[in-house]
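A.B. asks: The following block contains the structure, expressed as structure tokens.
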Amino acid sequence: MSLPTRYAGWMTRDLALGAGIPMAVLTVIASLVVSKVQVVGPVGDAARAACLVVLNWTAIGLALLATSGIVSADFAIGHQRTLFSKPVSPPLYYLQRWLIGGVGVLIGSAVVAQTIAARFEGTALGVGFILRVALLYLVIGGLVFLMSTLIRGDWVAVTALLAWHVVLGVAHSMGMERGPIGAVLEIILPPRHLLSLGDPLPTGIDLVQVLVYGTLVLFGALAMLRWRPLARGARQ
């Protein structure tokens with residue numbers, strides 16, 4: 001079977017009229033921030049570094065918005081009974097919706113990145129930038145996708161995991177030992193530290209870690225849609 005492209009237009013419209021609105025608002029706010037923010041620091045590019053932080057977290061926010069409720073919202077109201085009353089593959093249907101969301105994340109991230117590039121007279125867009133956004137979306141958007149096949153609060157759960165990752169990073173920078181629990185959490189938590197849009201593309205073992213994690217969560221979501229019964233009513 002192939003992607004149900006006949007639904008692509010409707011999916012794009014639904015995204016634009018739904019999550020697309022807060023995504024656009026976030027993009028505009030982030031663009032205004034990076035065009036005006038001033039940072040006093042010992043180095044001349046302190047403002048640029050701050051703008052890249054804004055860009056990175058904006059892309060993460062866009063990924064959360066684009067994928068929030070991607071599956072759980074339909075299942076909460078039993079909408080899947082109507083969607084799949086015709087011979088449509090649920091995994092491919094939601095994969096297409098996920099891919100469309102990724103395009104929205106790329107567009108929003110590109111707008112903010114271009115604003116930064118214009119301010120600092122640099123070049124932001126290119127194949128490298130697109131690949132970095134794609135990796136970020138694979139991991140963050142894929143994780144929300146997986147969570148959405150399991151629970152209602154998909155984006156909340158992923159936000160909590162990202163917060164835990166930040167906490168562990170701060171603890172590690174302060175010289176605190178990871179311990180066995182920290183080591184396990186580093187495997188479970190998304191490798192956000194390897195997904196910065198202001199850094200070069202990860203290579204070697206870092207790239208393998210990102211690709212393996214993103215592939216596992218994405219295919220985990222598709223597997224849940226393939227083998228988990230769909231006609232179970234609203235999910236709690």
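A.B. asks: Go through region 211-223 and give me each residue that's more than 13 Å from the chain's Cα centre (by Cα) and of a type outside the set (Ser, Thr, Tyr).
C.D. replies: If the condition is that a residue be more than 13 Å from the chain's Cα centre (by Cα) and of a type outside the set (Ser, Thr, Tyr), then LEU211, VAL212, LEU216, PHE219, GLY220, ALA221, LEU222, ALA223 are the ones that fit.
A.B. asks: State whether one or more residues within region 163-176 are modelled with pLDDT of 85 or more and surrounded by fewer than 22 Cβ atoms within 10 Å (Cβ to Cβ).
C.D. replies: yes
A.B. asks: I'm checking my understanding of the structure. Among residues of region 1-22 that are of a type in the set (Gly, Ala, Ser) and outside any loop (DSSP other than H, G, I, E, B), which one is nearest to ARG226 (Cα to Cα)?
C.D. replies: ALA8
A.B. asks: Could you tell me how many of the residues in region 142-172 are more than 14 Å from the chain's Cα centre (by Cα) and either touching a residue at least 60 places away in the same chain (Cβ under 8 Å) or outside any helix (DSSP H, G or I) (or both)?
C.D. replies: 5
A.B. asks: For a quick check of your reading: which helices (runs of 4 or more DSSP H) sit entirely within region 62-130 and have at least 1 residues that are at pLDDT 90 or above and surrounded by 15 or more Cβ atoms within 10 Å (Cβ to Cβ)?
C.D. replies: By residue number, 90-120.
A.B. asks: A follow-up question, please. When region 211-236 is examined, which residues are found to be on the phi < 0 side of the Ramachandran plot, of a type outside the set (A, V, I, L, M) and modelled with pLDDT under 95?
C.D. replies: ARG226, TRP227, ARG228, PRO229, ARG232, ARG235, GLN236
The values are calculated or read from the model by the stated rules, or taken from the named source; none is laboratory data. Since the model is a prediction, treat every value here as computed from it, not as a measurement. Cβ: placed from backbone, ideal geometry, glycine included. Neighbour counts: every protein chain shown.
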